[in-house]
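The values are calculated or read from the model by the stated rules, or taken from the named source; none is laboratory data. These figures come from a predicted structure and were not determined experimentally. Cβ: placed from backbone, ideal geometry, glycine included. Neighbour counts: every protein chain shown. Protein only, heavy atoms only, side chains kept; ligands, DNA and RNA dropped before computing areas. Shrake-Rupley method; radii C 1.70, N 1.55, O 1.52, S 1.80 Å.
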Amino acid sequence: MKQHFQNLVDEEEANIDLTPMLDVVFIMLIFFIVTASFVKESGIDVNRPEAATAVKKDRANILVAISDKNEIWINKRRIDERAVQANIERLYAENPQGSVVIQADKKATTETLIKVMDASRAAGVYDVSIAAQD
């Protein structure tokens, strides 16, 4: 009987409780998800013009692309020019520290670029930049 009791005690001591470790792992996972900044993409590749004074912009969370055919793209979707302001307002409400970066193709017209800039300023975002290559 004593030997049987000793075997039960040894089995209980041999088991490792993983619950605290799993708790720590889940807390770390939640922490990293909350603190991560998600990169948004405009949805198309644009041939940007070159600029000698181009500067890297941090916190560019609202990307607007203008294709060579003057199509406006936000979040991998083609947007009508009348809906640009509403889309920028929504994205700016999600991240008020973000700025708008317009990726205009070399062949895009200045008229479309100005419309997007006006829409972003009308949406309340005054930190607007135009993407260029070094």
Cβ-Cβ FRET estimate between ARG82 and LYS106, R0 fixed at 30 Å, reported to 0.05: 0.75
Calculated from backbone phi, Karplus (6.51, -1.76, 1.60) coupling profile of the range 100-115 in Hz, x at Gly/Pro: 9, 10, 9, 9, 9, 5, 4, 8, 6, 7, 5, 4, 5, 4, 5, 4
Distance between modelled label sites at LEU22 and ASN70, nm, 7 Å Cα→Cβ extension: 6.0 nm
Order by protection proxy (mean Cβ within 10 Å, highest first), peptides 116-124, 64-72, 80-88, 24-32: 64-72, 116-124, 80-88, 24-32
R0 of 35 Å, Cβ-Cβ distance PHE32-GLU89: FRET efficiency to nearest 0.05: 0.75
Neighbourhood charge, 12 Å Cβ-Cβ cut-off, centred on ARG78 and excluding it, Lys, Arg +1 and Asp, Glu -1: 0
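Roughly how many percent of the accessible protein surface of the range 58-134 is carbon and sulfur, given a 1.4 Å probe and a whole-percent answer?
Looking at the range 58-134 in its full context, I get 44 percent from C and S.
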